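The values are calculated or read from the model by the stated rules, or taken from the named source; none is laboratory data. Just so we're clear, the structure is a prediction, and the values are computed from it rather than from any experiment. All Cβ positions, even for glycine, are placed from backbone atoms using ideal geometry, and neighbour counts span all protein chains on display. Quick note on the areas: whole protein, heavy atoms, side chains included, nothing else; ligands and nucleic acids left out. Shrake-Rupley method; radii C 1.70, N 1.55, O 1.52, S 1.80 Å.
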Amino acid sequence: NFDCFFLIFTLGEQSQVSIDSHPRFQLSPVPSDEEDDDADEGDKLMYLSSDRKDDEPPSPSIDSGSTAATVTMVHQPNTKDHNKYPEHVTSVTYVVRKHYENFETIDWLKDLMRNRIRHRILRSQRRDSCRKRFLYYYDAWSGWICVLLVGISAVAGFVDIGAKWMSHWRTGVCKKAFWLNREQCCWGSTDVHFDEVHNEICSHWHSWSDIIGLTQTTAAAWFFRYFMFVSWSVVYAAFIVVLVVGSAPYASGIPEIKTILSGFIMFGYLGKWTFFIKSIGMIFATSSGLMIGKEGPFVHISCCCGNLFAKLFPKYGTNEARKREILSAAAATGVSVAFGAPIGGILFSLEEISYYFPYKTLWRTFFCCMIGALVVRTINPYGNGHEIQFPIEYNAPWATFEVIPFIGLGVLGGIWGALFIKANIAWCKKRKNSRLGRYPRAEVVVLTLITALICYPNQYLRLTMPELIKRLVGQCHVDDHMDL
């Protein structure tokens, strides 16, 4: 392996002239493709060649994980006396690593230098034929095409639809079409009414006690519904434990994505199998009733899409440094589709997780986030015409005296957040030394069982987290009958 590149200079027969009197071939520390287009072609006559003549020294041997590129410079002096200052030919061979091993850190300068050499080769050959000209323009537009594919492939809508259906499956089933959740099942019914927590009740939706013929108001029916609620929650948790541990044992969260974007290589973390398992696993995990969110997994899934689509374009698939640009846009799209906030996704990627974020990546990230939000709005997974499940629409303005309770809520929220963080850190330290922490698979099932046993007696805790938040932040009406 070559951890450094080699510069091999081959000069002509005129060796008496000092090398310092001739211009050097320099590469900027963070090169970009746009710099080559603005270069003045009148200063230097540059030929890009990889062919070696017989009188040239042999190129250094390289392994399969490296690649070599030779740049030949011909300097023609502007003076009229060509005999005194003849032209000189300089061949510079760069040997850079093309592939990295697992758990290695990429070399940003070498990868960006290799990308610039590749771009100059395409640019110099674009007039040779129509095919090479097409390849040149295809390479120039590959970044926009790649982020477009990442935005279109946002699976947030399908994940939300599946999670809502499986969560409602714990309480009952739609007899006319079992693939519909409670809300969709009652759309075609004419006798729809609501319970104490504003859940739809209609003749098409049946609880598990109704299916076996128990009377709705008896104690036996209540305990049977309790048993089915807990059983389905445990089944969901056990299934996802087996699926993830056996097929894609990779952590899902923003810290790992930050590590990869900083230049760390982790094989398999953003692969197609991880994408498939993580998409299914998020549906089962959120449907089991665990107090977990979908924002971190959405970022992970979006980065998996970015990594898979980047392999279709040589500009990004064979260059780890340039691939980070696509991953930064994909991470922003994950936040965009999770919260329905494209601008928030851009700021999240720019300020929180990205280490290399050039100016052109900002516009591509904005384009990718807008496409992702548009796709979610088109799929309409929540049935309200919005890209979020609980849109807020207030017709009456707030009063001045309400500023005081707003401040109080902010203070209480900050205090509660600080206490929660301290309690979480203390529990994590205790968990490492506990017997349950030594068996993470059993821990997930036990926590799901305890959560389901506690949540079912409270009607509001039976709801999914987005449904509960929707009822908490919704505008109050005169005909509301909820205790909230």
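Considering each residue of the stretch 375-385 in turn, none proves to be under 27 Å from ALA321 (Cβ atoms) and open to solvent by less than 50 Å² (accessible area, probe 1.4 Å). Taking only the stretch 347-370 into account, find how many residues are in a loop (DSSP other than H, G, I, E, B) and not hydrophobic (A, V, I, L, M, F, W, C). Count: 4. For the stretch 172-211, a residue qualifies if it is in a loop (DSSP other than H, G, I, E, B) and crowded, with 17+ Cβ neighbours inside 10 Å, and the qualifying residues are LEU180, ASN181, CYS186, VAL197, ASN199, CYS202, HIS204. If you check GLY143 against the conditions, is it within 28 Å of the chain's Cα centre (by Cα), open to solvent by less than 60 Å² (accessible area, probe 1.4 Å) and touching a residue at least 24 places away in the same chain (Cβ under 8 Å)? Yes; evaluated as a whole, the condition is true for this residue.
Taken as a whole, the structure places ILE240 among residues that are crowded, with 18+ Cβ neighbours inside 10 Å, among the aliphatic types (A, V, I, L, M) and within 28 Å of PRO381 (Cα to Cα).
Here is a yes/no grid of residues against (1) touching a Gly at 6+ places or on another chain (Cβ under 9 Å); (2) modelled with pLDDT of 90 or more:
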| site | (1), (2) |
| --- | --- |
| ASN384 | no, no |
| ILE392 | yes, no |
| PHE401 | no, no |
| ILE404 | no, yes |
| GLY417 | no, yes |
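Does VAL445 count as closer than 21 Å to VAL241 by Cα, of a type outside the set (S, T, N, Q) and either modelled with pLDDT of 95 or more or surrounded by 10 or more Cβ atoms within 10 Å (Cβ to Cβ) (or both)? When the stated conditions are applied, VAL445 passes them. Condition check: among the small types (Gly, Ala, Ser), modelled with pLDDT under 85 and over 15 Å from HIS300 (Cα atoms). Does SER247 satisfy that? When the stated conditions are applied, SER247 passes them.
When the stretch 338-356 is filtered for residues that are of a type in the set (A, V, I, L, M, F, W, C), farther than 15 Å from CYS303 by Cβ and open to solvent by 30 Å² or more (accessible area, probe 1.4 Å), the ones remaining, listed by number, are PHE339, ALA341, ILE343, LEU347, LEU350.
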